[in-house]
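The values are calculated or read from the model by the stated rules, or taken from the named source; none is laboratory data. Being a predicted model, the structure only gives us computed values, none of them experimental. Cβ atoms come from the backbone with ideal geometry, glycine included; neighbour counts cover every protein chain shown.
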Ligand code: GUN
Ligand code: ZN
């Protein structure tokens, strides 16, 4: 047993954070109790007085092979992919490069307070396997998948529906459910680079093996025009994914910016989840997602850095951009980051907030020099939301284990 002391906050209610002084965590990394006063539960006392303790951050959309290709400007998403991203992802055919970058990537996530991430790997089976190996070693919680494309890209990055299914089976059989911490996501890149046959094969194997699905939806107007040209006879981008069988409870679509209400209804009706990526949307001038409209339809929303179209690995920067995109209280922003992330991944029973019975994924934050620990909560959280960065992260824990500093 360990008892952590600090200014402990949890955001299960988007309008008012809960606050505690003490959190007891058992040897399996499960939260036993939260309280205002110190209780006599024995165990080791870990004194973080002067620091904040928050639920671990969830990044619901990030690309591992794009880690070193951040901040490469371009005129459009499609041009950016061709000029900067496909060449970067091709390099992941080299296992030693794939391993070095994966190691660096997961350690950067933990250093920034991200305890759970939904990760796009490269279009290679081996690099995806390596990503799982490095995630396993790092201790992070993650959903990871090999990017699938079978058209409109360089030959080296393309697969076929048959090979895609074989690759997914091979990697998912080893890793899906590993340590109850790592899971497989079937990851068709987006409709521009996937035939209907590939989209259908992807959704079938995902359903059969009960895997996650992640993809991009409706990010830029030029992309949407290209998708509608490639898939004539469909009413909308969302309808293409619906007909392919891709939408559902375990599906996370990134961006989802230029949607009409019929599409929102399809997403809500299938309980498809949304990864909102505001930093990326600003960087590539993709547009501004209408959070309120999505919420009117009851959609479940998390935040994603979308590195490398998003330039920032720190979820503090993503919080700031989420606020610039849609005015919201800091408590709401932290709620989306933590509870929203857990809900989008269907993990709300085990993570997303600090509550008895949940697993102890948390970050320890030094509020200085942005604010004083004694400040009013609104002031503290507002300063962190707009100005926070990795320098504020003092320690990162997953399942009660300190992973950073290691
Ligand atoms: N659409 C298809 N692929 C990508 C990608 O790698 N990044 C972003 N932001 N959008 C995409
Ligand atoms: Zn993306």
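Filtering the range 276-285 for residues that are within 16 Å of ligand 1 (Cβ to nearest atom), assigned to a loop (DSSP other than H, G, I, E, B), over 19 Å from the mean Cα position of the chain (by Cα) and within 19 Å of residue 81 (Cα to Cα) leaves a non-empty set. Restricting the range 168-194 to residues that are assigned to a loop (DSSP other than H, G, I, E, B) and within 16 Å of ligand 1 (Cβ to nearest atom), the residue that is nearest to the chain's Cα centre (by Cα) is 189.
The condition of being at pLDDT 95 or above, surrounded by fewer than 23 Cβ atoms within 10 Å (Cβ to Cβ) and within 16 Å of ligand 2 (Cβ to nearest atom) holds for only one of 276, 258, that being 258. Among the residues of the range 199-216, those identified as outside any helix (DSSP H, G or I) and either away from ligand 2 (no atom under 16 Å from the Cβ) or touching a residue at least 40 places away in the same chain (Cβ under 8 Å) (or both) are 210, 211, 212, 214.
Screening the candidates 227, 192 for the property of being in contact with a helix residue (DSSP H, G or I) (Cβ under 7 Å, 6 or more places away or on another chain), within 23 Å of residue 276 (Cβ to Cβ) and without any contact (Cβ under 8 Å) to a residue 40 or more places away in the chain yields one hit, 227.
For the range 71-80, the candidate set comprises residues that are within 16 Å of ligand 2 (Cβ to nearest atom) and over 25 Å from residue 340 (Cβ atoms); within that set, the residue that is nearest to the chain's Cα centre (by Cα) is 71.
A quick yes/no check of all residues on (1) without any contact (Cβ under 8 Å) to a residue 40 or more places away in the chain; (2) under 29 Å from the mean Cα position of the chain (by Cα):
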residue: 28; (1), (2): no, yes
residue: 37; (1), (2): yes, no
residue: 43; (1), (2): no, no
residue: 47; (1), (2): no, no
residue: 54; (1), (2): no, yes
residue: 58; (1), (2): no, yes
residue: 69; (1), (2): no, yes
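Across the range 39-48, the number of residues qualifying as at pLDDT 95 or above and either over 30 Å from residue 105 (Cα atoms) or within 16 Å of ligand 1 (Cβ to nearest atom) (or both) comes to 2. Of all residues in the range 207-229, one or more are away from ligand 1 (no atom under 13 Å from the Cβ), surrounded by fewer than 24 Cβ atoms within 10 Å (Cβ to Cβ) and under 16 Å from residue 289 (Cα atoms).
Residue 242: crowded, with 17+ Cβ neighbours inside 10 Å and either closer than 19 Å to residue 281 by Cβ or within 14 Å of ligand 1 (Cβ to nearest atom) (or both), yes or no? So residue 242 does not fit the description; no.
Within the range 57-64, at least one residue is away from ligand 2 (no atom under 16 Å from the Cβ) and assigned to a strand (DSSP E or B). Residues of the range 289-308 that are away from ligand 1 (no atom under 15 Å from the Cβ), part of a loop (DSSP other than H, G, I, E, B) and at negative phi: 290, 297, 299, 300. Taken together, 54, 78 contain a single residue that is surrounded by 15 or more Cβ atoms within 10 Å (Cβ to Cβ), more than 12 Å from ligand 1 (Cβ to nearest atom) and either in a strand (DSSP E or B) or at pLDDT 95 or above (or both), which is 54. Residue 234 fulfils the conditions (1) more than 16 Å from ligand 1 (Cβ to nearest atom); (2) in contact (Cβ under 8 Å) with a residue 40 or more places away in the chain; (3) outside any helix (DSSP H, G or I) except for a single criterion, (2).
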